[in-house]
Every structure is written in structure tokens, then in C-alpha cells.
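Engineer: There's a structure below that I have some questions on.
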Amino acid sequence: MRLSYRFLNRERGRNMGVGIKQKNDAVIRLEGMRLLIENMGKVDAERFISLVIREPFDYTEWQKDLFQGMSLDELGDRAMELYNSQK
């Protein structure tokens, strides 16, 4: 069975989040602050924000090295440990 080009593009669009309502900046800020405070506490959350503002960094470049040298199995194990610790 040969799939049409239109069908493939429609399916690709679904997987890329096309049509998903995006959150506005205020909601993202509130959720981010809530997550930082819940996980770090108020003082460390404020310190983190100060550090990011004072010393901007390229998140994309930083992320490239974050899991370097880690196998897919190791990454999966760490993700599962984190998930289980938050239940």
C-alpha cells in the first residue's frame, strides 16, 4: 500500500505538535517559577534566576554535552529513576 504525500505530511504535522495550543508567556513564567520553587526552594530559585540573567549561556550548546558519553540504556535508566522518585 502506497501512502499519499498529503497523508504523510498530515501525520508528520500531528507528530510535530501542529494544532496544539501554545501557552502564553505569563503562564510559562508562572509554571517555571512554581517548578523552580518546588524543586529548589525560594532562595535557590532566586539565585538560579540571578545566575542565568547575569551569566547568559547557550542552552542548546550546553544540552549537547549534557548526556555525552552516556548510552541510551543509561539515559533510560536515569530517566526512569527520576520518574520513580517523583511518584
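The values are calculated or read from the model by the stated rules, or taken from the named source; none is laboratory data. Note that the coordinates shown come from a computational prediction; the quantities given were computed from them, not determined experimentally. Because the Cβ atoms are built from the backbone with ideal geometry, glycine has one as well, and the counts that use them run over all protein chains shown.
Engineer: Any residue in the range 22-36 that is aliphatic (A, V, I, L, M) sitting within a Cβ distance under 6 Å of a residue that is in a helix (DSSP H, G or I)? List the pairs, counting only those 6 or more apart or interchain.
Structural biologist: If the second residue must be in a helix (DSSP H, G or I), the pairs left are L36/A45.
Engineer: While we're here: Can you list residue pairs whose Cβ atoms sit under 9 Å apart, with the first residue in the range 66-87 being free of Cβ contacts under 8 Å to residues at least 12 places away in the same chain and the second being not in a helix (DSSP H, G or I)? Count only pairs 6 or more apart in sequence or on different chains.
Structural biologist: The qualifying pairs are E74/F67; L75/F67; R78/F67; R78/M70.
Engineer: How do the helices (runs of 4 or more DSSP H) wholly within the chain filter down when requiring 1 or more residues that are modelled with pLDDT of 75 or more: which remain? Working first, answer last.
Structural biologist: Values: elements: 5-15, 25-40, 42-54, 59-66, 72-85.
Answer list for the chain: 25-40, 42-54, 59-66, 72-85.
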